[in-house]
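Structure first, commentary second.
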Amino acid sequence: MRFSDIIRLSLVQLLVNPLRTAFTLLGIVVSVGFLVAVVAIIQGMNAYVKENIADALIGMNTFQVRRLPISLGLFTDDQFRLLKRRPRVDERDAEAVREALPDALAISLQSGWPTPQADVVWRDRTLGSVQIFGVTAGYQIVQDYRFTEGRPLSEIDVRERRNVIVVGADVAENLFQGATAIDKDVRVMGQRYTIVGVVAPKGRVLGQSFDGFALMPISAFEAIYGRRQTTTISVKMRDAQDVGPAMARAQEAMRLARRLRPSDRDNFDVGTADALVDFWKQLTRCCSR
């Protein structure tokens with residue numbers, strides 16, 4: 001059959017069955033449009049996660065030294081069991097990283113997942129489900145926190161295990177309703193803490209507030225909650241181009257501190273906010289193809 005015959009036969013079928021032709025074309029248009037919309041949404045979410053979530057959780061120009069990698073959901077049960085055998089990240093590890101990176105803008109040690117939530121009580125007012133973090137002073141620099149009232153936590157607060165806290169904007173507003181929060185005594189887990197600072201609002205991402213938290217010295221935190229299995233070291237460098245070389249030095253320092261042989265695999269993880277973005281992309285990869 002000649003090509004012209006095929007074209008003529010096709011046109012005849014289109015004219016004979018106009019309704020079927022219309023529904024077929026509509027189905028193709030809807031399918032293609034839906035696929036394009038899904039891909040566009042996923043690409044937009046990738047950018048959103050990078051700009052609003054990853055950097056907010058980990059920090060700009062920052063990397064972390066962790067016991068476990070961020071992308072735990074992509075490991076098999078056997079791999080996860082091996083990861084759980086890794087030693088915890090502790091102050092000795094943080095000190096090794098500090099010695100290796102004297103040019104870092106800030107290095108912090110903070111409590112890890114799962115983040116406890118507690119009631120914060122002031123007089124007859126109770127604010128529930130406040131996220132409680134135990135941190136060293138450098139964490140506030142890592143997170144680029146600005147203060148609307150008071151001061152940040154200090155190394156003296158950590159060293160002397162003082163019962164002081166810094167609260168997010170939502171906590172201050174909901175408990176004190178416009179009045180100053182500084183020097184107010186609140187109760188967390190039955191213990192009294194004095195508020196010394198209020199962090200400027202960070203806003204909401206995907207409906208989740210980044211301002212409903214309280215920071216306490218990690219020494220005071222561990223007296224209540226114990227040492228977390230996922231305590232994390234965060235390192236903030238001055239410029240983005242410094243992050244890669246600093247990660248390599250931190251990795252070497254950790255291996256030396258833990259006396260790993262050249263043939264031994266790392267029993268820790270060093271990663272940036274990009275690891276969180278890559279994890280998100282892997283979760284959505286099947287839909288974006």
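Where a number appears in this text, it was derived from the coordinates with a stated rule and is not lab data. This is a predicted model, so every value here is computed, not measured. A quick note on method: Cβ atoms are made from the backbone with ideal geometry, for glycine too, and the neighbour counts reach across all protein chains shown.
Rounded to whole Hz and in sequence order, give me ³J(HN,Hα) for segment 134-149 from the Karplus expression 6.51 cos²θ - 1.76 cosθ + 1.60, θ = phi - 60°, writing x for Gly and Pro.
Along segment 134-149, the couplings run x, 9, 8, 4, x, 4, 5, 6, 4, 8, 6, 6, 10, 10, 8, 8 Hz.
Just want to confirm a number: the relative contact order over segment 61-272, from Cα pairs under 8 angstrom separated by 6+ residues, in percent.
Worked out over segment 61-272, it gives 35 percent.
Express the relative contact order of segment 104-230 as a whole percentage, based on alpha carbon pairs under 8 Å and six or more residues apart in sequence.
Relative contact order, segment 104-230: 33 percent.
Considering only DSSP beta bridges whose two residues both sit in segment 123-213, what percent are antiparallel, to the nearest 5?
Of all bridge pairs located within segment 123-213, approximately 65 percent are antiparallel.
In straight Cα distance, which aspartates and glutamates are under 17 Å from residue 202, not counting same-chain residues fewer than 8 positions off?
Those aspartates and glutamates meeting the cut-off are 51, 55, 144, 149, 170, 173, 211.
For a quick check: with amide H placed at 1.01 Å from N, whose amide H comes under 5 Å from residue 184's, ignoring anything fewer than 5 positions away on the same chain?
195
Under the classification rounded if a/c is under 1.5, otherwise prolate if a/b is larger than b/c and oblate if not, where does segment 115-246 fall, given a ≥ b ≥ c as square roots of the Cα gyration tensor eigenvalues?
Judged from the Cα gyration tensor, segment 115-246 comes out prolate (a/c at least 1.5, a/b above b/c).
Among 108, 219, what is the fewest-to-most ranking by other Cβ atoms within 10 Å?
Going from sparsest to densest Cβ surroundings: 219, 108.
Name the residue farthest towards the positive end of the dipole of segment 61-272 from the options 166, 177, 247, assuming +1 on Cβ of Lys and Arg, -1 on Cβ of Asp and Glu, about the Cα centre.
Toward the positive end, the furthest listed residue is 247.
Quick one: which residues, 5+ away or cross-chain, put their amide H under 5 Å from the amide H of residue 147? H built at 1.01 Å from N.
200
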